[in-house]
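The values are calculated or read from the model by the stated rules, or taken from the named source; none is laboratory data. If you're wondering where the values come from, they're calculated on a predicted model, not measured in any experiment. Cβ: placed from backbone, ideal geometry, glycine included. Neighbour counts: every protein chain shown.
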Amino acid sequence: MSHQQACNKRGEMRVRGFSLLEVVVSIGILSVGLLGVAALVTSTMKTGTNSRYVNMANILASEKLDSLNKWPNGDPNVAAGGSLTGSNICATGDDYCDQVTLTEATGADYETQTQIVNGSTVTTTIVHTNAGCVDTPTNCGVPNPSGTGSTFTRRWLITSPFTVTSTSGTTATVSSAERITVVVTLDELVQNPVVFQMSMVRP
């Protein structure tokens, strides 16, 4: 075969292009890759959302522990009692449960707390504005929250006396202090409900 014939044959092969089978295989490989990327992005978004709600639950648990720790010994607000389990809505007469709804709006974040106090429902809304105002919406000059937010349920258990177990397995009863445990739940996330628990001991 002459040099000219070989060049012509290589040129014909280049002009021929891809076969239908090659195109189908390429599309299949590309589809599998894109589906993997889409699944990764979805999983990352769900994990990020869940982490955000767990962080909110952490803050709400710390806030409740700090609030309970401010009451003096012997005050009815820190009397032994309560439960860490129950429905998503605080029952009438349950003084060891409250609900906090967090609502976001342009330029303001709202925290609405609903608690049963002496058999009556008491609701308080605090707003945090971008201008630095932390007070009621009226005092900050912003409207009341509109729309729905995320509602967390907080329950707490105050125990006195309580039992502690050391790392060696021995137990001891502490009668000169109270253990306060707060559990914060959010059941709005169907796949991964948030449950966060925190405890403290106060003399």
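Filtering Ala91, Ala80 for residues that are modelled with pLDDT of 90 or more, among the aliphatic types (A, V, I, L, M) and closer than 30 Å to Arg202 by Cα leaves a single hit, Ala80. Here Ala131 passes the criteria (1) surrounded by fewer than 17 Cβ atoms within 10 Å (Cβ to Cβ); (2) aliphatic (A, V, I, L, M); (3) part of a strand (DSSP E or B) except the one numbered (3). Of all residues in segment 155-171, those satisfying the criterion of being surrounded by fewer than 10 Cβ atoms within 10 Å (Cβ to Cβ) and touching a Ser or Thr at 6+ places or on another chain (Cβ under 9 Å) are Thr165, Thr171. For the residues Gly93, Gly82, the requirement of being within 24 Å of the chain's Cα centre (by Cα) and under 29 Å from Ser175 (Cβ atoms) singles out Gly82.
Annotation: Thr181 fulfils all but one of (1) without any contact (Cβ under 8 Å) to a residue 40 or more places away in the chain; (2) among the hydroxyl-bearing types (Ser, Thr, Tyr); (3) under 30 Å from Gly81 (Cβ atoms); the unmet one is (1). Considering Ser150, Ser146, Ser175, Ser168, the condition of being touching a residue at least 12 places away in the same chain (Cβ under 8 Å) and either more than 30 Å from Thr123 (Cα to Cα) or charged (D, E, K, R) (or both) is satisfied by Ser175 alone. Just so you know, in segment 67-87 the residues that are among the small types (Gly, Ala, Ser) and under 15 Å from Thr153 (Cβ atoms) include one that is surrounded by the most Cβ atoms within 10 Å (Cβ to Cβ), and it is Gly82. Just one of Gly149, Gly141 is on the phi > 0 side of the Ramachandran plot and of a type in the set (Gly, Ala, Ser); which is it? Gly141 is the lone residue from the list that is on the phi > 0 side of the Ramachandran plot and of a type in the set (Gly, Ala, Ser). Across segment 88-105, what is the total count of residues that are surrounded by 10 or more Cβ atoms within 10 Å (Cβ to Cβ) and assigned to a loop (DSSP other than H, G, I, E, B)? Final tally of qualifying residues: 6.
Return yes or no: is Asn58 at negative phi, outside any strand (DSSP E or B), surrounded by 13 or more Cβ atoms within 10 Å (Cβ to Cβ) and modelled with pLDDT under 90? Here the answer is no, as Asn58 does not meet what is asked.
Just one of the listed residues (Gly86, Gly82, Gly93) is in contact with a Gly (Cβ under 8 Å, 6 or more places away or on another chain), at positive phi and not aliphatic (A, V, I, L, M), and it is Gly93.
Selection of segment 106-124 for residues being within 20 Å of the chain's Cα centre (by Cα) and buried (at least 17 other Cβ atoms within 10 Å of the Cβ) yields Ala108, Tyr110, Glu111, Thr112, Gln113, Thr114.
Got at least one residue in segment 135-151 being under 28 Å from Gly86 (Cα atoms), part of a strand (DSSP E or B) and at pLDDT 85 or above? Looking for residues that are under 28 Å from Gly86 (Cα atoms), part of a strand (DSSP E or B) and at pLDDT 85 or above, one finds at least one in segment 135-151, hence yes.
Going residue by residue through segment 160-178, is there one that turns out to be closer than 22 Å to Leu65 by Cα and under 19 Å from the mean Cα position of the chain (by Cα)? Taking every residue of segment 160-178 in turn, none turns out to be closer than 22 Å to Leu65 by Cα and under 19 Å from the mean Cα position of the chain (by Cα).
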